[in-house]
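*Asks:* The structure under discussion is supplied below as structure tokens; questions concerning it will follow.
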Amino acid sequence: MEEKLIEQINELVEKLYFERKNKVEFIPGKTRIRFAGDIFDEKEMKARVKSVLGEWITLGEHDLKFRSEFSKFIGVKHILLTNSGSSANLLAISALCAKTFPKRLVKGDEVITPACTFPTTLNPILFNNLVPVFMDVDLGTYNINAKNIEAAISDKTKAIFIPHTLGNPNEMDIILEVCKKHDLILIEDNCDALDSRYDGQLTGTFGLMATSSFYPAHHMSMGEGGAVYTNDYALWRLLLSLRNWGRACYCDLNEKNPNGACNNRFNYKINGVPYDHKYMYSNIGFNLKPLDLQPAVGLEQLKKLPYFTKKRKENFKLMFEIFKKYSDYFILPKSLPKADPSWFSFPLTLKTDVGFSREEFTGFLENNLIETRLLFGGNILNHPAYVDIEHRIAEPLVNSDKIFKDTFFIGVYPGIEQPQLDYIERTVEKFFQTKNISLKK
Ligand SMILES: Cc1ncc(COP(=O)(O)O)c(C=O)c1O
């Protein structure tokens with residue numbers, strides 16, 4: 001009976017999906033072109049519903065399956081799921097500061113990171129009383145100039161925490177060399193860059209740890225969600241503990257053995273007092289767990305990731321074709337010779353004295369229902385939250401300030417198809433006509 005009911009619900013969910021899908025039609029100038037969004041079909045909808053209809057909605061069987069599949073895809077052994085990419089970043093940096101971490105970072109230690117950044121790449125450094133050392137980024141790649149890292153290092157510098165900005169891989173061979181030479185820990189914020197590669201190797205596999213976000217704007221979606229991954233099992237156990245209230249116990253959440261995964265749960269002692277291992281705390285932790293429906297959806301999304309990547313790359317190329325005729329006005333995105341980005345979006349920076357402002361251009365696109373976004377914080381130090389933080393500036397943040405003023409991006413996500421691209425092309429042409437700007441030959 002129960003199975004029959006679930007089957008009927010599944011059929012209804014599928015029907016609902018196709019009912020909605022059939023109504024979706026792109027009408028130029030009437031339908032909004034989003035900069036990003038999750039792409040799913042009836043399979044994700046069924047996975048969502050099935051998961052909440054189960055008796056266990058807390059992280060459980062799909063966690064194990066997803067971690068195993070994601071580990072095979074990314075080629076990193078140990079995966080930990082979180083409720084967001086921001087939480088994954090918080091865990092990664094907090095792990096470096098935990099008392100059980102062998103090379104523990106302490107108050108005042110420095111972490112090199114770009115000034116042009118997303119806030120929750122920076123915030124974990126601040127929350128842990130570490131000092132961010134800000135580097136500028138290059139225009140076009142929007143990543144730090146790896147050749148300048150050595151000059152940014154002081155004897156307090158212990159780690160580098162870098163995002164592969166908008167999916168564009170950093171210069172990993174130089175970064176690895178510097179880390180090795182100066183004994184620095186490397187952590188990659190891979191939230192915008194899933195399935196990007198540098199020299200054939202996936203981003204997120206170069207550092208001690210890396211993080212992903214599964215928010216809908218990213219390369220695959222769980223609605224909300226994130227992951228932190230590492231090849232170091234002891235470090236994974238530390239991350240697990242920090243995610244799960246700081247407890248010493250490492251049972252999966254649906255562990256069936258009453259004596260726990262250690263099979264020794266009731267034989268631990270604290271100060272001579274017998275103490276259930278489940279309630280023994282070895283770290284000062286958080287609770288940053290997702291629900292089981294998130295990896296349930298993630299499993300379906302992971303199957304679609306090769307298609308998503310292909311589409312992002314195609315859309316990026318087509319967008320480049322549209323904008324290359326405007327290269328007198330915009331700095332076009334660029335990547336390093338060894339980089340193979342799966343772009344998060346298509347970033348553009350206004351050149352100097354082009355006769356119009358960023359807001360005029362993005363306003364025109366927005367009024368014509370083409371969504372635009374800014375490159376996160378630009379120079380994040382300009383924002384009210386950060387004006388009085390303890391920090392060090394490694395080099396003049398000239399480009400980060402230019403990005404703050406003159407950079408924006410539009411989408412390349414798989415929801416953008418040829419009719420949308422044609423409309424974007426026509427709208428950009430219209431802007432230049434309206435402004436009476438004839439293109440230089
Ligand atoms: C580089 C980077 N890191 C971290 C995050 C945070 O991810 P989440 O939104 O899942 O918290 C984002 C979000 O867009 C991001 O772009």
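*Asks:* Express in nm, to one decimal, how much length is gained between Thr352 and Lys43 on full extension, taking 0.36 nm for each residue of separation and deducting their alpha carbon distance.
*Replies:* Numbers: separation 309, 0.36 × 309 = 111.24 nm, distance 4.81 nm.
Residue separation times 0.36 nm, minus the Cα-Cα distance, leaves 106.4 nm.
*Asks:* What value, in deg cm²/dmol to 500, does the helix sum -39500 (n - 2.57) over DSSP H runs of n ≥ 4 give at 222 nm once divided by the residues of the chain? Write down the numbers at each step before the final one.
*Replies:* Details: 12 runs with 164 residues, N = 441.
Computed mean residue ellipticity for the chain: -12000 deg cm²/dmol.
*Asks:* So, one more: Over the stretch 289-441, what is the relative contact order in whole percent, taking alpha-carbon pairs under 8 Å and six or more residues apart? Mind showing how you got there, number by number?
*Replies:* Numbers: 136 pairs, mean separation 46.0, N = 153.
Reported as a whole number, the value is 30 percent.
*Asks:* At 25 °C and 0.890 mPa s, grab the translational diffusion coefficient of the stretch 305-434 from Stokes-Einstein with a Kirkwood Rh over Cα pairs, rounded to a whole number in µm² per second.
*Replies:* Values: Rh = 16.2 Å.
Reported coefficient: 152 µm²/s.
*Asks:* Apply 1/(1 + (r/R0)^6) to the Cβ-Cβ distance of Ile284 and Leu53, taking R0 = 41 Å, and write down the FRET efficiency to the nearest 0.05.
*Replies:* 0.65
*Asks:* Could I ask something else about it? Would you calculate the separation in nanometres between label points at His383 and Glu7, each defined as 7 Å from the Cα along the Cα-to-beta-carbon direction?
*Replies:* 5.2 nm
*Asks:* Which value, in debye to the nearest 20, gives the size of the charge dipole of the chain about its Cα centre, when Lys and Arg are +1 and Asp and Glu are -1 at the Cβ?
*Replies:* On the way: 56 positive and 55 negative charges, 54 e Å.
Rounded to the nearest 20 debye, it is 260 debye.
*Asks:* Going by a ≥ b ≥ c, the root eigenvalues of the Cα gyration tensor, does the stretch 1-131 fall in the rounded group (a/c under 1.5), the prolate group (a/b larger than b/c) or the oblate group?
*Replies:* On the way: a/c = 3.39, a/b = 1.65, b/c = 2.05.
Because a/c hits 1.5 or more and a/b fails to exceed b/c, the stretch 1-131 counts as oblate.
*Asks:* Let me check against my output: what whole-number percent is the relative contact order of the chain, with C-alpha pairs under 8 Å and at least 6 apart?
*Replies:* Working: 873 pairs, mean separation 100.8, N = 441.
The value is 23 percent.
*Asks:* In terms of the Cα gyration tensor, with a ≥ b ≥ c the square roots of its eigenvalues, is the chain rounded because a/c is under 1.5, prolate because a/b exceeds b/c, or oblate?
*Replies:* Details: a/c = 2.41, a/b = 1.24, b/c = 1.93.
Since a/c reaches 1.5 but b/c is at least a/b, the shape of the chain is classed as oblate.
*Asks:* Here is a follow-up. Would you mind computing, in nm to one decimal, how far apart the modelled labels at His182 and Lys334 are, each placed 7 Å from Cα along Cα→Cβ?
*Replies:* Label at His182, label at Lys334, 2.5 nm between them.
*Asks:* Now a separate question. Mean separation of Cα pairs under 8 Å and 6+ residues apart, divided by the residue count of the stretch 157-244: what relative contact order is that in percent? Don't jump to the answer; show the numbers that get you there.
*Replies:* Working: 147 pairs, mean separation 19.7, N = 88.
Relative contact order comes out at 22 percent.
*Asks:* So what's the gap between the Cα centers of the stretch 313-362 and the stretch 163-226, to the nearest angstrom?
*Replies:* Using only Cα atoms to place each centre, the spacing works out to 22 Å.
*Asks:* On the Cα set of the stretch 214-274, report Rg and Dmax in Å, please.
*Replies:* Rg and Dmax of the stretch 214-274, Cα atoms, are 15.8, 51 Å.
*Asks:* Now for a different question. In the structure displayed, which of Lys65/Lys289; Lys269/Lys289; Lys180/Lys313; Lys43/Lys310; Lys65/Lys269; Lys256/Lys278 lie more than 22 Å apart, Cα to Cα?
*Replies:* Working: Lys65/Lys289 16 Å; Lys269/Lys289 27 Å; Lys180/Lys313 32 Å; Lys43/Lys310 20 Å; Lys65/Lys269 34 Å; Lys256/Lys278 14 Å.
Flagged as over cut-off: Lys269/Lys289; Lys180/Lys313; Lys65/Lys269.
*Asks:* To the nearest 20 debye, what is the magnitude of the charge dipole of the stretch 305-434 about its Cα centre, counting +1 on the Cβ of each Lys and Arg and -1 on the Cβ of each Asp and Glu? All intermediate terms of the calculation are to be shown ahead of the outcome.
*Replies:* On the way: 17 positive and 18 negative charges, 103 e Å.
For this selection, approximately 500 debye.
*Asks:* Here's something else I'd like to know. Please figure out what share of the DSSP beta bridges in the chain is antiparallel and state it in percent, rounded to the nearest 5. Write out the running numbers ahead of the final one.
*Replies:* Values: 28 of 47 bridges.
Within the chain, antiparallel bridges account for around 60 percent of the total.
*Asks:* Quick one: Cα centre-to-centre distance for the stretch 1-67 and the stretch 373-441, in angstrom?
*Replies:* So the two Cα centres are separated by 33 Å.
*Asks:* A further question on this structure: Are there DSSP H segments in the chain that both extend 18 Å or more along their axis (alpha-carbon positions) and score a mean Kyte-Doolittle hydropathy of at least 0.0? List them, or say none. Write down the numbers at each step before the final one.
*Replies:* On the way: long enough: 2-23 (32 Å, -1.16); 61-74 (20 Å, -0.78); 85-97 (19 Å, 1.35); 293-324 (42 Å, -0.49); 418-434 (24 Å, -0.92).
Those that clear 18 Å and a mean of 0.0 are 85-97.
*Asks:* If you don't mind, another one. Give the shape of the stretch 394-441 as rounded, prolate or oblate, defined through the alpha-carbon gyration tensor: a ≥ b ≥ c are the square roots of its eigenvalues, a/c under 1.5 means rounded, and otherwise the shape is prolate if a/b is larger than b/c and oblate if not.
*Replies:* Working: a/c = 3.59, a/b = 1.44, b/c = 2.49.
Taking the square roots of the gyration eigenvalues as a ≥ b ≥ c, the stretch 394-441 is oblate.
All of the numbers you see were taken from the coordinates with simple rules; none came from a lab. Model, not experiment: these values are computed from the prediction. Methodologically, a virtual Cβ is constructed for each residue, glycine included, from the backbone with ideal geometry; neighbour enumeration extends over all protein chains shown.
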